[in-house]
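**Q** One structure follows; several queries about it will come next.
The values are calculated or read from the model by the stated rules, or taken from the named source; none is laboratory data. Since the model is a prediction, treat every value here as computed from it, not as a measurement. All Cβ positions, even for glycine, are placed from backbone atoms using ideal geometry, and neighbour counts span all protein chains on display.
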Amino acid sequence: MPNSDAVPSALADFFAAHPRAALAFSGGTDSAFLLYAAMACGCDVRAYYARSAFQPEFERRDALRLAAQLGAPLIEVPLDVLAVEDVRRNPENRCYHCKRAIFTALIEAARADGYAEIMDGTNASDDAGDRPGMRALTELSVLSPLRLCGIDKAAVRAHSRRAALFTADKPAYACLATRVPAGTPIDAATLRRVEAAEAALFDMGFADFRVRVFHGAARLQLPAAQLARAVAERQAIRAALSPGFDTVLLDLKDRG
């Protein structure tokens, strides 16, 4: 059971003031700890997971696993985000349109279940000036308790370790849409190829990387410590990614 001893006092105060809320739950480190904290503080919380082509299957599995471990109710909300023209055409501010579409759907689902407030896992390390999606959250009155309480990413990880959450050291993960360059329309087939390529690399033991689409090729971005291994195993990598990409490029810039 969640233990309030692992919850910062500022966050406990937040839940005392907001005793009933829905949570946009991704299965990542931030929203996982927020779900734990809400339950530890006795908040009537229900988690909502937006299931779309932008979220890989492993994120869904992590979300289901964490919710099951905590005994938290989890509602999956299916969403065809590519049906939104301003998302599919992938402009520079795509994240704004995507966030509005996703959170509008989550808010509707939560309100149908009687939850008037919804929160997300944005933390105090997240730069509002660098994340256009935050404007959508503000417009939709989404609460961000971690950010409001001054809890940054390092603190979230530290508290998550004390809470023994398996998500404590989970690498940050941006949605699959970020693998497609702005201005290039997004389609479901491309997202599936990227997801399969990243799953193949993960199965090979690589971690904290990205497979980005570059003029039809797969451009691999890896931490510096993994670059030498990637070069040594280039033939195996090409074979693993060949079902989706004829050309595989290695970006020599350290992803970290």
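**Q** Before we move on, is ASP62 under 29 Å from ARG161 (Cα atoms), out of contact with any His (no Cβ under 9 Å at 6 or more places or on another chain) and of a type outside the set (Gly, Ala, Ser)?
**A** It is true that ASP62 is under 29 Å from ARG161 (Cα atoms), out of contact with any His (no Cβ under 9 Å at 6 or more places or on another chain) and of a type outside the set (Gly, Ala, Ser).
**Q** I would also like to ask the following. Going by the conditions given, is GLY121 assigned to a loop (DSSP other than H, G, I, E, B), assigned by TED's automatic domain parsing to the domain that holds ARG46 and touching a residue at least 24 places away in the same chain (Cβ under 8 Å)?
**A** yes
**Q** Only residues that are closer than 25 Å to CYS149 by Cα and aromatic (Phe, Trp, Tyr): list them for the stretch 34-62, please.
**A** Scanning the stretch 34-62 gives TYR36, TYR48, TYR49.
**Q** As an exercise: evaluate CYS95 against (1) surrounded by 16 or more Cβ atoms within 10 Å (Cβ to Cβ); (2) in a loop (DSSP other than H, G, I, E, B) and give the number of the one condition it does not meet.
**A** Unmet for CYS95, out of (1) surrounded by 16 or more Cβ atoms within 10 Å (Cβ to Cβ); (2) in a loop (DSSP other than H, G, I, E, B): (2).
**Q** So which residues in the stretch 205-219 are closer than 15 Å to LEU191 by Cα and either in contact (Cβ under 8 Å) with a residue 12 or more places away in the chain or surrounded by 14 or more Cβ atoms within 10 Å (Cβ to Cβ) (or both), if there are any at all?
**A** ARG210, VAL211, ARG212, VAL213, PHE214, GLY216, ALA217, ALA218, ARG219, listed by residue number.
**Q** Is there a residue being surrounded by fewer than 16 Cβ atoms within 10 Å (Cβ to Cβ), touching a strand residue (DSSP E or B) at 6+ places or on another chain (Cβ under 8 Å) and either hydroxyl-bearing (Ser, Thr, Tyr) or more than 30 Å from ALA239 (Cα to Cα) (or both) anywhere in the stretch 186-202?
**A** No.
**Q** Name the residues in the stretch 228-256 that are surrounded by fewer than 17 Cβ atoms within 10 Å (Cβ to Cβ), assigned to a helix (DSSP H, G or I) and among the hydrophobic types (A, V, I, L, M, F, W, C), would you?
**A** ALA228, VAL231, ALA232, ALA236, ALA239
**Q** Looking at the stretch 12-21, which of the residues that are in a helix (DSSP H, G or I) and out of contact with any Pro (no Cβ under 6 Å at 6 or more places or on another chain) is surrounded by the most Cβ atoms within 10 Å (Cβ to Cβ)? Steps first, answer last, please.
**A** Taking the stretch 12-21 and keeping what is in a helix (DSSP H, G or I), we get 12-17.
Keeping just the survivors that are out of contact with any Pro (no Cβ under 6 Å at 6 or more places or on another chain) gives 12-13, 15-17.
Details: ALA12: 16, ASP13: 13, PHE15: 24, ALA16: 11, ALA17: 7.
If we take residues in the stretch 12-21 being in a helix (DSSP H, G or I) and out of contact with any Pro (no Cβ under 6 Å at 6 or more places or on another chain), then PHE15 is surrounded by the most Cβ atoms within 10 Å (Cβ to Cβ).
**Q** Please find, among VAL87, VAL77, the residue that is β-branched (Val, Ile, Thr), over 21 Å from ALA172 (Cα atoms) and buried (at least 18 other Cβ atoms within 10 Å of the Cβ). Please lay out each step first, then the result.
**A** Numbers: VAL77 fails: buried (at least 18 other Cβ atoms within 10 Å of the Cβ).
Exactly one of VAL87, VAL77 is β-branched (Val, Ile, Thr), over 21 Å from ALA172 (Cα atoms) and buried (at least 18 other Cβ atoms within 10 Å of the Cβ), namely VAL87.
**Q** Looking at the stretch 142-158, is at least one residue surrounded by fewer than 18 Cβ atoms within 10 Å (Cβ to Cβ), over 22 Å from THR29 (Cα atoms) and assigned by TED's automatic domain parsing to the domain that holds GLN55?
**A** Within the stretch 142-158, none of the residues are surrounded by fewer than 18 Cβ atoms within 10 Å (Cβ to Cβ), over 22 Å from THR29 (Cα atoms) and assigned by TED's automatic domain parsing to the domain that holds GLN55.
**Q** State all residues of the stretch 164-180 that are surrounded by 14 or more Cβ atoms within 10 Å (Cβ to Cβ), modelled with pLDDT under 95 and hydrophobic (A, V, I, L, M, F, W, C); if no residue qualifies, say none.
**A** Hit for the stretch 164-180 is CYS175, nothing else.
**Q** If I filter the stretch 50-60 down to residues being assigned to a helix (DSSP H, G or I) and out of contact with any strand residue (DSSP E or B) (no Cβ under 7 Å at 6 or more places or on another chain), which single residue comes out as surrounded by the fewest Cβ atoms within 10 Å (Cβ to Cβ)?
**A** For the stretch 50-60, the residue satisfying everything is GLU57.
**Q** Same structure again: Part of a helix (DSSP H, G or I), within 24 Å of PHE103 (Cβ to Cβ) and of a type in the set (Lys, Arg) - does that describe any residue in the stretch 157-168?
**A** No, the stretch 157-168 contains no residue that is part of a helix (DSSP H, G or I), within 24 Å of PHE103 (Cβ to Cβ) and of a type in the set (Lys, Arg).
**Q** Name the residue, out of ALA24, ALA63, ALA47, that is free of Cβ contacts under 8 Å to residues at least 40 places away in the same chain, under 30 Å from ASP187 (Cβ atoms), crowded, with 19+ Cβ neighbours inside 10 Å and in contact with a helix residue (DSSP H, G or I) (Cβ under 7 Å, 6 or more places away or on another chain).
**A** On inspection, the qualifying residue turns out to be ALA47.
**Q** Let me ask something else about it. Of the numbered conditions (1) surrounded by 15 or more Cβ atoms within 10 Å (Cβ to Cβ); (2) assigned to a helix (DSSP H, G or I), ALA225 fails exactly one; give the number of that condition.
**A** (1)
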